[in-house]
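*Asks:* After the structure tokens below, expect a handful of questions from me.
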Amino acid sequence: NYRARSTYKLIELDLKYNILKKGDVAIDCGAAPGGWSQYIAEKIFGEIDSQKVYNKKRRTAKSKMDVQSDEEEDIDDKNDFSKQQDVQNGLVIAVDLSSIEPISGVNVVHGDITDHKTIDKIKTFLGNRKANAIFSDMAPNFSGKHLVDHMRSMDLCEAALSLAQETLGPGGTFLCKFLMGENDKELRTKLERNFRKVLYKKPEASRKESSEGYFVCLMYSSDVK
Ligand code: SAM
């Protein structure tokens, strides 16, 4: 049992894109209360059958994703970088403004992702390693005004992208939640300057009426454009 139901959104995206592997280094931004980090740690340190876990939860739902994008391509060559990391030495770093109850194997950084001191703490845990995957399920405190919430969400995505630019290894994956709105195209353009493939997804586990979506960005590269 995970601490947050939203974990099933991550499982769905991981099943589809094969993001997490044993021994990976991952950073989970906006991790409290800790559902995503629990799953990430299970994948990185142990063996779990994600499909089984997902099916059990979603037995009544159709198993296909609600794909709103036509961008499907062979992504076999993604994450070459992960093959270079020592498969025994996984590392999970969970970051949040709120405190997180301990999760076995997970290093917690308590802080604001927009504050460089928080990035420095993350880098201390990384040492000389780079991340294979960076996740952001961050959400602003909702004001109730869509435009304000959208803009705050864009700022959080940009902060997570800056973290990725400093800590993600070549070929790495970046996944971020955002609230849809007028500036998400601009965000997408920025992401496309950093990743070979940027896909828009709305997981089936995400409520239809919510205005949230996810960008799944594959194959980080500093020289895409
Ligand atoms: N994925 C989490 C889980 O599975 O338990 C749930 C995340 S919750 C939807 C969003 C989180 O983003 C909140 O815990 C919030 O504190 C965090 N957050 C919002 N702004 C942040 C910021 N500037 N820095 C770090 N965390 C932030």
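*Asks:* Test Leu156 against the criterion of being within 11 Å of the ligand (Cβ to nearest atom), touching a helix residue (DSSP H, G or I) at 6+ places or on another chain (Cβ under 8 Å), in a helix (DSSP H, G or I) and not basic (Lys, Arg), and give yes or no.
*Replies:* no
*Asks:* Can you run down the residue pairs with Cβ atoms below 7 Å, 6 or more apart or on separate chains, where the first is in region 210-225 and part of a loop (DSSP other than H, G, I, E, B) and the partner is surrounded by fewer than 22 Cβ atoms within 10 Å (Cβ to Cβ) and basic (Lys, Arg)?
*Replies:* Qualifying pairs under 7 Å: Ser221/Arg196; Val224/Arg193; Val224/Arg196; Lys225/Arg193.
*Asks:* Could you grab me the full set of residues in region 100-117 that are touching a strand residue (DSSP E or B) at 6+ places or on another chain (Cβ under 6 Å), within 11 Å of the ligand (Cβ to nearest atom) and either polar (S, T, N, Q) or touching a residue at least 24 places away in the same chain (Cβ under 8 Å) (or both)?
*Replies:* Selection gives Ile100, Ile113.
*Asks:* List, please: which pairs have Cβ atoms under 7 Å, are six or more places apart or on different chains, and start with a residue in region 134-148 that is closer than 13 Å to Ser211 by Cα and end with one that is within 8 Å of the ligand (Cβ to nearest atom)?
*Replies:* Ala139/Gly30; Ala139/Lys177
*Asks:* Could you list, in sequence order, all residues of region 200-225 that are among the aromatic types (Phe, Trp, Tyr) and surrounded by fewer than 21 Cβ atoms within 10 Å (Cβ to Cβ)? Lay out the reasoning, then the answer.
*Replies:* Filtering region 200-225 for residues among the aromatic types (Phe, Trp, Tyr) gives 200, 214-215, 220.
Correct list: Tyr200 only.
*Asks:* Before we move on, is Lys197 surrounded by 16 or more Cβ atoms within 10 Å (Cβ to Cβ) and either on the phi > 0 side of the Ramachandran plot or not in a helix (DSSP H, G or I) (or both)?
*Replies:* Yes.
*Asks:* Suppose we keep only residues that are of a type in the set (Asp, Glu) and not in a loop (DSSP other than H, G, I, E, B) within region 18-61. Which one would you say is nearest to Ile122 (Cα to Cα)?
*Replies:* Here the answer is Asp28.
*Asks:* Could you please find all residues in region 132-143 being within 16 Å of the ligand (Cβ to nearest atom) and surrounded by 16 or more Cβ atoms within 10 Å (Cβ to Cβ)?
*Replies:* Ala133, Ile134, Phe135, Ser136, Asp137, Met138, Ala139, Pro140
*Asks:* Then there is this: Quick test of your reading of the structure: Asp74 fulfils all but one of (1) within 16 Å of the ligand (Cβ to nearest atom); (2) at pLDDT below 95; (3) out of contact with any helix residue (DSSP H, G or I) (no Cβ under 7 Å at 6 or more places or on another chain). Name the failing condition by number.
*Replies:* Of the numbered conditions (1) within 16 Å of the ligand (Cβ to nearest atom); (2) at pLDDT below 95; (3) out of contact with any helix residue (DSSP H, G or I) (no Cβ under 7 Å at 6 or more places or on another chain), the odd one out for Asp74 is (1).
*Asks:* Based on what the data block shows, is His146 modelled with pLDDT under 95 and either crowded, with 18+ Cβ neighbours inside 10 Å or not aliphatic (A, V, I, L, M) (or both)? Explain how you work it out, then say what you get.
*Replies:* Details: modelled with pLDDT under 95: yes; either crowded, with 18+ Cβ neighbours inside 10 Å or not aliphatic (A, V, I, L, M) (or both): yes.
In short, yes.
*Asks:* To continue, here is another question. Are any residues in region 1-28 near the ligand (Cβ under 6 Å from one of its atoms) and not hydroxyl-bearing (Ser, Thr, Tyr), and if so, which ones?
*Replies:* Listed by number, the residues that qualify are Arg3, Ala4.
*Asks:* Okay, next question. Among (1) within 16 Å of the ligand (Cβ to nearest atom); (2) β-branched (Val, Ile, Thr); (3) closer than 22 Å to Gly90 by Cβ, where does Val148 come up short?
*Replies:* Condition not satisfied by Val148: (3).
*Asks:* Ok, one more. Condition check: surrounded by 17 or more Cβ atoms within 10 Å (Cβ to Cβ), more than 16 Å from the ligand (Cβ to nearest atom) and under 30 Å from Asn89 (Cβ atoms). Does Gly127 satisfy that?
*Replies:* Judged against the criteria, Gly127 is not a match.
*Asks:* Within the set of pairs 6+ apart or on separate chains, which have a first residue in region 151-170 that is within 14 Å of Val95 (Cα to Cα) and touching a residue at least 12 places away in the same chain (Cβ under 8 Å), a second that is part of a helix (DSSP H, G or I) and of a type in the set (S, T, N, Q), and C-beta atoms under 9 Å apart?
*Replies:* Leu163/Thr118
*Asks:* Report yes if some residue within region 191-204 is aromatic (Phe, Trp, Tyr) and within 24 Å of Tyr8 (Cβ to Cβ); otherwise report no. Quick ask: steps written out before the conclusion?
*Replies:* Just the residues of region 191-204 that are aromatic (Phe, Trp, Tyr), to begin with: 195, 200.
Filter once more, keeping what is within 24 Å of Tyr8 (Cβ to Cβ): 200.
Within region 191-204 (the criterion being aromatic (Phe, Trp, Tyr) and within 24 Å of Tyr8 (Cβ to Cβ)), the answer is yes, since at least one residue qualifies.
The values are calculated or read from the model by the stated rules, or taken from the named source; none is laboratory data. Keep in mind that what you see is a predicted model, and the values were worked out from it rather than measured. Here the Cβ is made from the backbone with ideal geometry for all residues, glycine too, and neighbour counts use every protein chain on show.
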